[in-house]
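Right, one structure below, let's go through it.
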Amino acid sequence: MFPSNVYKERRNRLRKEIKNGLVLFPGNQEVAYNYPANTYTFRQDSNFLYFFGLDHPDLAAVIDLDEGKDYLFGNDVDMDDIIWMGKQPTMKERGVKVGVENTQPLKDLDEMIRKALAKKRTIHFVTPYRGETKQQLSDLLGIPYKDLKAKASPELIHAIVKLRMEKDDLEIEEIEKMVDVAYIMHTTAMKMAKPGVVEREIAGVLEGISVSHGGPVSFPVILTINGQTLHNHYHGNVLRAGRIMVVDAGSESDMHYASDITRSFPVGGKFSDRQKEIYQIVLNANMAGIAAVKPGVPFHEVHSLAALEIVKGLKDLGFIKGDPVEAVKKGAHFLFFPHGLGHPLGMDVHDLEGLGEDNVGYDDEIKRSTEFGLSSLRFGRRLQKRFITTIEPGIYFIPDLIDLWKSEKKLEDFINYKKVEEFRDFGGIRIEDDVLVTNAGHRVLGRPIPKTIVDVENIMSE
Ligand code: GLY
Ligand code: MN
């Protein structure tokens, strides 16, 4: 945990953003996996962690903006709990760790909320994303399940986005440590990627590396020789020469800060000529995107710049025709690069996304585009100092998408379908780094993970 004053300061900053009422933070509860006593690994809610730091189930917290007091709700353990889980800190002791003096049993929360509702005080909460929390809020507040999203507090959502998007030094250090763990994961995968190995043998090793350095993987590992499927979680293929393996994997620290890194490399360790050509375009787009990261630049422009790099490269190889700028405007790149260039990164891999993509990635100035291609970009607003974003361009040959576009004769003036057909079994390539926005520009976080063709081939030959 961070020192208690970090959490106090965060709560004080939140107070300055919201006028009055109560702010209610339900912590997460255990969630049953296949029967009640067998639960998923516990993951605390990120907002709760940010303001109240405690990483245990069945807690709730309230910031009373009018009284200027903070409250923690939770029960001290009983003997039965001690027998199964060992001795636990008391709620008082937990409160001290995060600078909260007022700790009360969980049942007192009902009473506090009931009184506040009777006095018609505003109760701020954010849209819940788990069934258990939806039920809890619905019961506490008397709001039907289906109306919780509409009744969530825009004031609180915007305040949290404002605070959490700007990472402090402690948070940057945590994330950078996890990129260093990702270094071990990705270079290990590169060295293991030999013909005959089954994907899951490597995926399992990567999960073990993550766990042994602090926490679980930060999202289900994507590791596949079929990288044309963007989030491919099937790990049953046998690696064979001629395929590119895409590994998109990161690690979560014991404080729940994440890394998110993608590398793509040839099974067996040597890129073929055509793999090199496509790989180099993706790498150029990754580097052009990174180079453009600086305070004040709208992220949708960084995305479009990377898309232009991809289109220019694909034009040189004969996949795309016509004016590259016009091709990007029309969305021709979307056949090959059908996703956004990146997303904020923090405690959540898609940081803060639970608060709503548009609340996080867009603002009053920059609204989500309705244009084909750009409309799928979850992050478009201007970058600010201390934001952390991923930069993750890719080129994919998705047979079903190719068939659809071709049958519709879509953007025929820009796409050479005959050439595209030659690559329909190519697979996909994505290269992703985690980038901090600094005063002057940017810094790629962590120990550099090999990504040039030479560096990747070198490490794979070790
Ligand atoms: N690394 C998974 C994603 O960005 O969606
Ligand atoms: Mn990502």
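The table below lists the values:
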read-out: Test result for T452, open to solvent by 30 Å² or more (accessible area, probe 1.4 Å), of a type in the set (S, T, Y), under 30 Å from T224 (Cα atoms) and at pLDDT 95 or above; value: yes
read-out: Filter pass, V96 being of a type in the set (A, V, I, L, M, F, W, C) and outside any helix (DSSP H, G or I); value: no
read-out: Looking only at the range 345-359, and only at residues there that are charged (D, E, K, R) and more than 16 Å from V293 (Cβ to Cβ), the one that is surrounded by the most Cβ atoms within 10 Å (Cβ to Cβ); value: D348
read-out: Pair list, Cβ under 6 Å, 6 or more apart: the range 23-38 residue assigned to a strand (DSSP E or B), other residue of a type in the set (D, E, K, R); value: none
read-out: Selection count where residues are β-branched (V, I, T) and more than 16 Å from ligand 2 (Cβ to nearest atom), scope the range 201-236; value: 5
read-out: Within the range 65-89, considering residues that are part of a loop (DSSP other than H, G, I, E, B) and in contact with a Ser or Thr (Cβ under 8 Å, 6 or more places away or on another chain), the one least open to solvent (accessible area, probe 1.4 Å); value: G74
read-out: Residue under evaluation R121, criteria (1) modelled with pLDDT of 95 or more; (2) in contact with a helix residue (DSSP H, G or I) (Cβ under 8 Å, 6 or more places away or on another chain), criterion not met; value: (2)
read-out: Complete set of residues in the range 297-344 that are more than 16 Å from ligand 2 (Cβ to nearest atom), open to solvent by less than 20 Å² (accessible area, probe 1.4 Å) and among the aromatic types (F, W, Y); value: F319, F336
read-out: Selection status of E207, buried (at least 16 other Cβ atoms within 10 Å of the Cβ) and modelled with pLDDT of 95 or more; value: yes
read-out: Every residue from the range 237-255 that is away from ligand 2 (no atom under 15 Å from the Cβ) and open to solvent by less than 20 Å² (accessible area, probe 1.4 Å); value: L239, I244, M245, S253
read-out: So D108, is it in contact with a Phe, Trp or Tyr (Cβ under 8 Å, 6 or more places away or on another chain), farther than 24 Å from V161 by Cα and outside any loop (DSSP other than H, G, I, E, B); value: yes
read-out: Residue within the range 145-154 that is in a helix (DSSP H, G or I), among the aliphatic types (A, V, I, L, M) and open to solvent by 30 Å² or more (accessible area, probe 1.4 Å) present; value: yes
read-out: Residue within the range 40-54 that is loosely packed, with under 12 Cβ neighbours inside 10 Å and not in a helix (DSSP H, G or I) present; value: yes
read-out: Pairs, first in contact (Cβ under 8 Å) with a residue 24 or more places away in the chain and on the phi > 0 side of the Ramachandran plot in the range 367-390, second open to solvent by 40 Å² or more (accessible area, probe 1.4 Å) and more than 16 Å from ligand 2 (Cβ to nearest atom), C-beta under 6 Å, six or more apart; value: R386/E166
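Per-residue answers, yes or no, for (1) more than 14 Å from ligand 1 (Cβ to nearest atom); (2) farther than 21 Å from R381 by Cα:
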{"residue": "I310", "(1), (2)": "yes, yes"}
{"residue": "D316", "(1), (2)": "yes, yes"}
{"residue": "F319", "(1), (2)": "yes, yes"}
{"residue": "E326", "(1), (2)": "yes, yes"}
{"residue": "G331", "(1), (2)": "yes, no"}
{"residue": "V349", "(1), (2)": "no, no"}
{"residue": "E357", "(1), (2)": "no, no"}
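For (1) polar (S, T, N, Q); (2) within 16 Å of ligand 1 (Cβ to nearest atom); (3) under 25 Å from the mean Cα position of the chain (by Cα), each residue gets a yes or a no:
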site: H231; (1), (2), (3): no, yes, yes
site: Y234; (1), (2), (3): no, yes, yes
site: R240; (1), (2), (3): no, no, no
site: V247; (1), (2), (3): no, yes, yes
site: G250; (1), (2), (3): no, yes, yes
site: D254; (1), (2), (3): no, no, yes
site: R274; (1), (2), (3): no, no, no
site: I278; (1), (2), (3): no, no, no
site: G289; (1), (2), (3): no, yes, yes
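The values are calculated or read from the model by the stated rules, or taken from the named source; none is laboratory data. For clarity, every value in this text was computed on a predicted model and none was experimentally measured. Counting neighbours? That spans all protein chains shown, and the Cβs are built from the backbone with ideal geometry, glycine included. The protein model used for the area step is the full one, side chains on, heavy atoms only, and it has no ligands, DNA or RNA in it. Shrake-Rupley method; radii C 1.70, N 1.55, O 1.52, S 1.80 Å.
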